Amino acid sequence: MTAQPIRRSRRGKAGDEYTTATIQVLEGLTAVRKRPSMYIGSTDARGLHQLVWEVVDNSIDEAMADVASRIDVTIHADGRVEVVDDGRGIPTGRHASGKSALEVVHTVLHAGGKFGGGGYKVSGGLHGVGVSVVNALSSEMRVEVLRDGKRWVQDYARGDPRIPVRQSGGAKEANRGLDPSWHRSSGTRTLFRPDPEMFETIDFSWELIATRLRESAYLNKGLWIRLRDERIDREKNFYFEGGVTSFVRHLNRRRETLSPRPIHVERIVEGTSVEVALQYNDGFAENVLAFANNINTVDGGTHVTGFRAALTTSLNEWARKSGTLSEKEANLSGEDVREGLTAVISVKLTDPQFEGQTKAKLGNAEVKGIVQAVVTDGIVQHLEENPADGRRIIEKSLTAARAREAARKARDLVIRKGALEGMALPGKLADCQERDPAQSELYIVEGDSAGGSAKQGRDRRFQAVLPMFGKMLNVEKARLDRVLSSDKIRPLVIALGAGIGESFDLGKLRYHRICLLSDADVDGAHISTLLLTFFYRHMPQVIDSGYLFLCQPPLYRVSTGKVTRYAKDEKERDLAIKELSREGRTKNVSVQRFKGLGEMNPEQLWETTMNPDTRTLLRVEVADAGEADEVFSTLMGERVEPRRDFIRGEARKVRNLDI
Ligand code: 0RA
């Protein structure tokens, strides 16, 4: 293998010059407005933000090609988003069609040369659908390019140019309104307003955009990214000398780590750049984030396989050589060495192949060997220089191996007894009559009295109830053996009927709607979170399959004696009072606040929370892996303060969907 310098685009071939001629005309933009979800995935908040990523990613491509060093993103008070970079600027020459290349890039689907030979290559998934899609879905858009000392402008409305591309002014005009310290000699500025007719929401999220930009800055060290939100007068700058090392420190920032410095490896082999950082914490979860050309490959791929192979072999090898692992002891397994591991893998290559349904898996076969070689070298070298780090890692892995063995024995014991096979359903479970899992619902209810109400209020034909009470085990901190022996969790596992851990079998799951029902207060949220954590860590397939739900019990009952309304928050309560008053039933309106589920009688609980015709269930979805892991370690980890802050202040990051 040889090392060589690389220059490439996020999506395309290294060194290929994109020119006006490579742009190919494929399709009109009306298709985008007809079926926006086909192009951006959805028209909810996620789809809305896809517009921002689309524009920003083009600027990041310029940074990856080493021709841009700074990107400014502004959420304007009037709802527009502005993205400015100091890259080469979008080409403005005449395209084969006779129009300016700038216009073609913004008005023709799949233009931008990405589909032609020699230009950008599409990266797969939802990435790289092109800025023309953003234009089509924007009620207004403006692009300004600074190239060769000249400023070029075009305005659009719903994808249609308002005027031909015009040349107007130079660098002074192009840099107007920018940070005064920023003297661009070339670059692109894009302003767009999402079309309210196309989206369910046009409210951009500071948090989402900041998280994504921070991640981009980690993955492109040396790149300055500034985010400003004029709506709330907030500004943040992202710049990381340390690249993925800074990323790993960030991911572990609320954890106790085994060593102060992450192991860092970086090399370019045969045109593929590999950058990896890893650091252990004192938890049990594995948190490995992998990227290929800045794209989060959530389904892994060859880079992850290579990394894992390197980690297992190099740690075993070092453990033997150093005598930390004795001759009679067995090798550490992959699982053992990944307990408590936080790592970021970033590869950049010229011709990425994205596979799988979501195009989130890297397929390039050659990458496995390259990553494996680079990471093995890096780890071995680090441990030779820092043997104390090595001993701590091996100790931790050995503990993991012993715990795993204990868990296996515990599980075997339980399985032999048949307890997890559903042979003896727990006594507390009030099961339903239905036997088809697709039609069956399980309500997991906090507290005995609420459990009683739910049992009486339910429709026993298809709704089962399992009450849970008392202090629940914090599963984030517990391994499988303890989870299994917990008398809170065992009945749940048995009721679900699908086993747990390696022997989990989704096909045996007895309910396809598993609904968490707890008080609408902080304690209730905490208990729900403990259960969420249990599913996330020990039965992720249940969440992945969309079988886990949160109930929405009401907080208020507003009644006139004749008419009763329920409200889940103050806003709904006030609305209900207003409505009932307006209907001529003023001031005999009574308001009852439910302090807990236990205060509701069975009929009320049925009517408000369990009746499929009137209830609201929130489906639990996990956002991206880094975020989910962070949320759970924040909520469940050793340190109390971040957890308290989170429960008090922060919105649920486990994404909720109304169904
Ligand atoms: C294609 C070719 C070249 C630059 C770009 C696209 C480009 C696109 C965007 C979108 C936002 N910012 C951007 N910056 C650059 C380079 C053409 C050349 O000069 O060879």
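Laboratory data are not the source of any read-out in this text; all were calculated from the coordinates shown. Keep in mind that this is a model prediction, so the values were computed, not measured. Heads up, the Cβs are rebuilt from the backbone with ideal geometry, glycines too, and the neighbour counts pull from every protein chain shown.
Once you sort the root eigenvalues of the Cα gyration tensor of region 347-415 as a ≥ b ≥ c, which label holds: rounded (a/c under 1.5), prolate (a/b larger than b/c) or oblate (the other case)?
oblate
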Checklist line | Over 29 Å (Cα to Cα) - which of Lys328/Lys396; Lys488/Lys595; Lys321/Lys368; Lys455/Lys578 fall in this group | finding: Lys455/Lys578
Checklist line | Tensor-based shape of region 524-599 (alpha-carbon gyration tensor, a/c under 1.5 rounded, otherwise prolate or oblate) | finding: prolate
Check: Arranged from highest to lowest average of other beta-carbon atoms within 10 Å per residue, in what order do the peptides 50-60, 506-516 appear?
Finding: 50-60, 506-516
Next item on the list: Calculate the spin-label point distance for Glu140 paired with Ile232, positioning each point 7 Å from the Cα along the beta-carbon direction, and give it in nanometres.
Entry: 2.6 nm
Check: Between Arg166 and Asp459, what length in nm is gained on full extension when 0.36 nm per residue of separation is reduced by their alpha carbon distance?
Finding: 98.7 nm
Margin query: Taking the alpha-carbon distance from Lys428 and a cut-off under 12 Å, which aspartates and glutamates remain once sequence neighbours fewer than 8 residues away in the same chain are dropped?
Written below: Asp448, Asp487
Next item on the list: Rank by packing, highest mean first: peptides 143-153, 570-580, with packing defined as the count of other Cβ atoms within 10 Å averaged across residues.
Entry: 143-153, 570-580
Check: Under 16 Å Cα-Cα from Lys34, which aspartates and glutamates qualify once same-chain neighbours fewer than 8 residues away are excluded?
Finding: Asp44, Asp160, Asp195, Glu197, Glu200
